Amino acid sequence: MNLKIGKIIYYLINAAVIVLAVYFLYTRYFEGMLAQTGLQVPLIIGVGLLMALIYAMKAFRLYVIFMDRCPGWGRFIEVYIKTMPAAIAFPLKAGEFFRMYCFGFEMGSLRLGILGILAERFFDTIPLLVLLILFTLISGDTVMPIVVVTAGFIILILAVFLSFPSIYLYINKYCMVSIHSKKSVKLLEMLEGIKKWYDMLKDLIKDRVALLLIISSFTWLAECFVLMIFAWGLGYGFETDLFLTYVNSAFNGQTNEYVNLYVGLSAVLFLLAFIIVYPVRYIKKMMIMGRKKN
């Protein structure tokens, strides 16, 4: 595809998704946030600063994954700010596909964008599962479907990732014996294609596993603290099943007062970040162009 046409398509998709994300944020979450009048302004500002720190940690976590392939910290932040509203607006984590596409486009490899976002989701899910199991045990409630699905997801991914090298060697040896077969040749080609994905993923997380888990653990603990503040600010006590309901709502697309507050404040934060970052980028670009002309 022509590079110019590719950029036009990229910008059109960006515009369409961002407009749709703003619509979702306003109609599904922001109006619900405004209806929560129980929180005082100083409390909202304090929570907003804490949430800004949470998103900063999440941005750093993704940068750690992409750091060897990123076009630069500044451009990374711009893409992160642009794509996160879609990630928090669309139900069932559908916005993650937009993030994969945008980061993949910026780095010239859709495969890299897909694997990077999947790796981020995986390392974000491990501490979440620990908290879900812990709060389920404390509350004494029956195990929620989200806990089972999350545990199954982690176990499956780990099993595939850890067993792939031995599976690759076994199938490779088998196909070498039957190299005269067309099916064996096709299987070898497919196997090599999968190995490229595996090697790229392994390279993205090499020597970073501990750091990614630490960052993810701190972000989830901070989110728990934000949820506690919301509960206390609304005049409720914080109970362990509140966190379970909050997480479940984020996955199944349902909303409640806590989800409305968190996503609504998140939308405000990213709007402010967008207003600050993108005009600054434009001014710098104009200044550079002016210097070149002189």
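The values are calculated or read from the model by the stated rules, or taken from the named source; none is laboratory data. Keep in mind it's a predicted model, so treat the numbers as computed, not measured. We work out accessible area using only protein heavy atoms, side chains counted, and drop any ligands, DNA or RNA first. Shrake-Rupley method; radii C 1.70, N 1.55, O 1.52, S 1.80 Å.
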Separation between Cα centres of the range 203-245 and the range 104-175, rounded to whole Å: 18
In angstroms, what radius of gyration and Dmax does the chain have, counting Cα atoms only? 22.0, 74
Express the accessible area of the range 164-281 per residue in Å², computed with a 1.4 Å probe while the remaining protein chains stay in the model. 56
Accessible area in square angstrom per residue, the range 33-134, 1.4 angstrom probe: 40
Using only the Cα atoms of the range 71-230, what semi-axes does the equivalent ellipsoid have when each is the square root of 5 times a gyration tensor eigenvalue? Give whole Å, largest first. 34, 23, 14
In whole percent, the Cα-Cα distances of the range 38-132 spread across 10 Å bins from 0 upward as 15, 44, 29, 10, 2
Of Lys196/Lys284; Lys4/Lys202; Lys93/Lys202; Lys58/Lys202, which pairs sit farther than 27 Å apart, going by alpha carbon to alpha carbon? Lys196/Lys284; Lys4/Lys202
Could you check how much of the accessible area of the chain is carbon and sulfur, as a whole percent, using a 1.4 Å probe? 72
Once amide H atoms are built 1.01 Å from N in the peptide plane, which residues 5 or more positions from Phe90, or in another chain, come under 5 Å H to H? Gly95
